[in-house]
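A short worksheet on the structure shown next.
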Amino acid sequence: MEEKHLMGERFGASVRKGGGLGDGFGVRGRWEVVCRDKDGNIKWTDHIDNLVTNAGLDYLLDVGLSAGTQVTSWFVGLTSGTPTPSAADTLASHAGWTEVTDYTGNRKAWTDGGVSNQSVSNSGSAAVFEIDGAVTIGGAFLASAATGTTGTLYAVGAFSGGNKTLGSGDSLSVTATFTAAAAS
């Protein structure tokens, strides 16, 4: 079929973004923290909405899409001060917080229950810290190493209600759930 246009007539084309393309992807974590005294009574509860660091995001892409080496053990650590998490934070370099170690043993193992519906959690096996002395904590983090400053800092976050004080004999139970979803 042949189309004819009159002199002076205008025409053009436009491009529209297709639904679902380029919508993005989001990864986040929500931590539930319960502090109990030496008798098992709840002293306080709080939550953390964490930041997944650049190193954590690089890890996900490397292992998921580029045949990188999978980390098979992750560990929960505690922060002091008032954490101001930054995407650039690493285990070796982070501003605004230091690691709290006033508890028995090393960082606590994060034992997940498997991935389901774009979510993974350690809700079946919370990380429990037995506190050795009076300490103030500001948040928590997830790392690929039980100790030290090498390895991947996957996520870090600050308590929603500010710093918390713990005493000798207190315990801290930490459950972390990570979700991934298309950004809306």
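Of all residue pairs spaced 6 or more apart or on separate chains, those with beta-carbon atoms under 8 Å, a first member in region 26-51 that is within 13 Å of residue 156 (Cβ to Cβ) and a second member that is among the hydroxyl-bearing types (Ser, Thr, Tyr) are 28/179; 29/177; 29/179; 31/175; 31/177; 48/160; 49/160; 51/86. If you take the residues of region 96-129 that are modelled with pLDDT of 95 or more, hydrophobic (A, V, I, L, M, F, W, C) and not in a loop (DSSP other than H, G, I, E, B), which of them is surrounded by the most Cβ atoms within 10 Å (Cβ to Cβ)? Among residues in region 96-129 that are modelled with pLDDT of 95 or more, hydrophobic (A, V, I, L, M, F, W, C) and not in a loop (DSSP other than H, G, I, E, B), the one surrounded by the most Cβ atoms within 10 Å (Cβ to Cβ) is 129. Being under 20 Å from residue 170 (Cα atoms), more than 16 Å from the chain's Cα centre (by Cα), part of a strand (DSSP E or B) and at pLDDT 95 or above is the requirement here; does residue 76 meet it? Against the criterion (under 20 Å from residue 170 (Cα atoms), more than 16 Å from the chain's Cα centre (by Cα), part of a strand (DSSP E or B) and at pLDDT 95 or above), residue 76 does not qualify. If the condition is being surrounded by 13 or more Cβ atoms within 10 Å (Cβ to Cβ) and either in contact with a helix residue (DSSP H, G or I) (Cβ under 7 Å, 6 or more places away or on another chain) or in a loop (DSSP other than H, G, I, E, B) (or both), then region 51-72 contributes 53, 68, 71.
Filtering 40, 20 for residues that are in contact with a strand residue (DSSP E or B) (Cβ under 9 Å, 6 or more places away or on another chain), exposed (fewer than 13 other Cβ atoms within 10 Å of the Cβ), at positive phi and modelled with pLDDT of 90 or more leaves a single hit, 40. For the condition among the hydroxyl-bearing types (Ser, Thr, Tyr) and free of Cβ contacts under 8 Å to residues at least 24 places away in the same chain, what is the one hit in 116, 123? Result of the check over 116, 123: 116. Among the numbered conditions (1) over 20 Å from residue 135 (Cα atoms); (2) at pLDDT below 90; (3) crowded, with 18+ Cβ neighbours inside 10 Å, the only one that residue 11 does not meet is (3).
Exactly one residue out of 136, 147, 177, 152 is touching a residue at least 40 places away in the same chain (Cβ under 8 Å), buried (at least 18 other Cβ atoms within 10 Å of the Cβ) and not acidic (Asp, Glu): that is 152.
Annotation: of all residues in region 79-95 being under 16 Å from the mean Cα position of the chain (by Cα) and closer than 14 Å to residue 159 by Cβ, the one that is modelled with the highest pLDDT is 79.
The values are calculated or read from the model by the stated rules, or taken from the named source; none is laboratory data. This structure is a prediction, so every number in the text was calculated from the model and none was measured. Note: ideal-geometry Cβ built from the backbone for every residue, glycine included; neighbour counts use all protein chains shown.
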